[in-house]
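The values are calculated or read from the model by the stated rules, or taken from the named source; none is laboratory data. Quick caveat: nothing in here was measured; it's all calculated off a predicted structure. Glycine also receives a Cβ, built like all others from the backbone with ideal geometry; neighbour counts cover every protein chain displayed.
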């Protein structure tokens, strides 16, 4: 018997009367059967379930071909709980979800959830009054048993909410957004923990600077070691800084080992410049010849004293132990800052205080030393945006080490007659003290400074091997080792990336959603010299973005259709964003950034 085709007319876009497409999941739902349809099963479903054949079915399939319908295995399912999808069936009887942390398993039947709990979470107690699961309302995209995967849903409140309440909810939502932006700015004002593995470099692991400074406000850290000025009203600190200048200049003159020009013999200059135990440096301590260079070296030690003074005496970080001063150091610091104004007494007090900072035995935590704590502070960019690269930071360590050498020399020259043993030569006396506090095996801060400097310099010397890259005669094909890339392929690839990035930005990220808001992307300016935290082309007034940070949120809140698709009102008159929508938006953000980074990488120089 001949089959008779039903007379069914298919006007354009009639598929929307038969199906519902969820772009955030890539699922096509049959409205009549309330279930998702697999791409491979779509042709058969239209014929057998809806009686649509031949040309009419072909037209319908053509319309559906423009949709990005995913296979069940490619779907990104909702998180732990999401709002119910009204086109799917609700399962609220004998339905359960696992409560274990990080587990979103859902199923039908008590036996099945118990089996899951035993196998996956080692649950054993049948009499446990607080099991690792709970009753839930579930849905599934597909009814076929091979593709059953349940997810938990929250049935939204269907009652009518007064317009005044809705306005209040929207205003609360906007205020929450503004508060979050304020918190984000405050967050950038303190040093944050590592957020990505790429930040956890061997240098950061070796020094421990980020972990040590975590949570401290970077602006206050940098402010702590700034040299005093006439406006700071820190007269005692200014006097001490002048004293340190005199002290280090005096030691620098003593360090000259040329005949008749200083107090340091060539042999003692080698001792002072020896950092490795069991050896003697062949190079003597070198005296700085340029006054400006010496001034920049001495400034580091003055900044160290300012750092200690403002933290210890001014209590810059109340309740936080930035470093741990020894009783001897406390005595010398108090003596220095209460010293008479005559230069000789003050210089002697500064020398004793400086030496006590060097002669600091460190047993467990190196950051108990004010010197090591200060070196961590120096590792920050002056705008606090990040940490200095090792090759830019090691010069600061070199300056610290140089000042330590000068202070140890001056301290020994002054105290030799008072502290030497009977008939002990200065060289013997000096070598003992240098071996105690200057070598890389010392228990004091010098060991840590030398180790970090050596490691940082090794990183700075590391270079990338040159690439073997050449062009063909027509300069249309570039070859890197054995890989060839034609410029025509590159142009096509770049054009595809531009199209994909533009489409994602406008369609997926809704940048064309508000037609009244126009961004002049081609006319944007960026100040590459601006390094302040949170500053970018978005905050540059020239670009005219001021006040536009809320445009997307405002547009969605004022569009009932879009708002219903992205959020729902709870029984407590609270606006809740659908988690899967947020996840999908974030996914599209990452896709846009992927396309953008490819363009940046490919367009920044030779491949």
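Values for this structure:
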item	result
Set 243, 236: member being at pLDDT below 90, touching a helix residue (DSSP H, G or I) at 6+ places or on another chain (Cβ under 8 Å) and in a helix (DSSP H, G or I)	236
Qualifying positions in segment 288-297 - surrounded by 15 or more Cβ atoms within 10 Å (Cβ to Cβ) and either at pLDDT 90 or above or under 36 Å from the mean Cα position of the chain (by Cα) (or both)	294, 297
Complete set of residues in segment 309-331 that are in contact (Cβ under 8 Å) with a residue 12 or more places away in the chain and part of a loop (DSSP other than H, G, I, E, B)	316, 317, 320, 322, 323, 324, 325, 326
Verdict on residue 253 being within 27 Å of residue 441 (Cβ to Cβ), surrounded by fewer than 16 Cβ atoms within 10 Å (Cβ to Cβ), out of contact with any strand residue (DSSP E or B) (no Cβ under 8 Å at 6 or more places or on another chain) and without any contact (Cβ under 8 Å) to a residue 24 or more places away in the chain	no
Hits in segment 209-233 (condition: outside any helix (DSSP H, G or I) and either at pLDDT 90 or above or within 20 Å of residue 350 (Cα to Cα) (or both))	225, 226, 227, 228, 229
Some residue of segment 488-511 being at pLDDT below 80 and either surrounded by fewer than 12 Cβ atoms within 10 Å (Cβ to Cβ) or touching a strand residue (DSSP E or B) at 6+ places or on another chain (Cβ under 8 Å) (or both)	no
Any hit, segment 332-343, residues being free of Cβ contacts under 8 Å to residues at least 12 places away in the same chain, buried (at least 18 other Cβ atoms within 10 Å of the Cβ) and either at negative phi or not assigned by TED's automatic domain parsing to the domain that holds residue 301 (or both)	yes
Test for residue 29: is it closer than 20 Å to residue 146 by Cα, surrounded by 14 or more Cβ atoms within 10 Å (Cβ to Cβ), in contact with a helix residue (DSSP H, G or I) (Cβ under 6 Å, 6 or more places away or on another chain) and not assigned by TED's automatic domain parsing to the domain that holds residue 146	no
All positions within segment 61-74 that are modelled with pLDDT of 90 or more and in contact with a helix residue (DSSP H, G or I) (Cβ under 7 Å, 6 or more places away or on another chain)	61, 64, 69, 71, 72
Residues satisfying the stated conditions in segment 80-95, i.e. in a loop (DSSP other than H, G, I, E, B) and either touching a residue at least 60 places away in the same chain (Cβ under 8 Å) or over 13 Å from residue 36 (Cα atoms) (or both)	80, 81, 84, 85, 87, 90, 92, 93, 94
Residue 448 vs. criteria over 25 Å from residue 371 (Cβ atoms) and either free of Cβ contacts under 8 Å to residues at least 12 places away in the same chain or surrounded by 15 or more Cβ atoms within 10 Å (Cβ to Cβ) (or both)	no
Yes/no for residue 322 being buried (at least 18 other Cβ atoms within 10 Å of the Cβ), touching a helix residue (DSSP H, G or I) at 6+ places or on another chain (Cβ under 6 Å), assigned by TED's automatic domain parsing to the domain that holds residue 407 and over 25 Å from residue 200 (Cβ atoms)	no
Test set (1) outside any loop (DSSP other than H, G, I, E, B); (2) touching a strand residue (DSSP E or B) at 6+ places or on another chain (Cβ under 8 Å); (3) modelled with pLDDT under 90 - residue 77 fails condition number	(1)
Wholly enclosed strands (runs of 3 or more DSSP E) of segment 103-143 bearing at least 3 residues modelled with pLDDT of 90 or more	106-108, 138-140
Number of positions in segment 363-398 that are at pLDDT below 90, closer than 18 Å to residue 455 by Cα and part of a loop (DSSP other than H, G, I, E, B)	2
Leading residue by the ranking (nearest to residue 246 (Cα to Cα)) among those in segment 298-319 that are surrounded by fewer than 21 Cβ atoms within 10 Å (Cβ to Cβ) and more than 31 Å from the chain's Cα centre (by Cα)	299
Evaluation of residue 285 against (1) surrounded by fewer than 16 Cβ atoms within 10 Å (Cβ to Cβ); (2) out of contact with any strand residue (DSSP E or B) (no Cβ under 7 Å at 6 or more places or on another chain); (3) part of a loop (DSSP other than H, G, I, E, B) (one fails), failing number	(1)
Failed condition for residue 277, given (1) more than 33 Å from the chain's Cα centre (by Cα); (2) touching a residue at least 60 places away in the same chain (Cβ under 8 Å); (3) surrounded by 13 or more Cβ atoms within 10 Å (Cβ to Cβ)	(3)
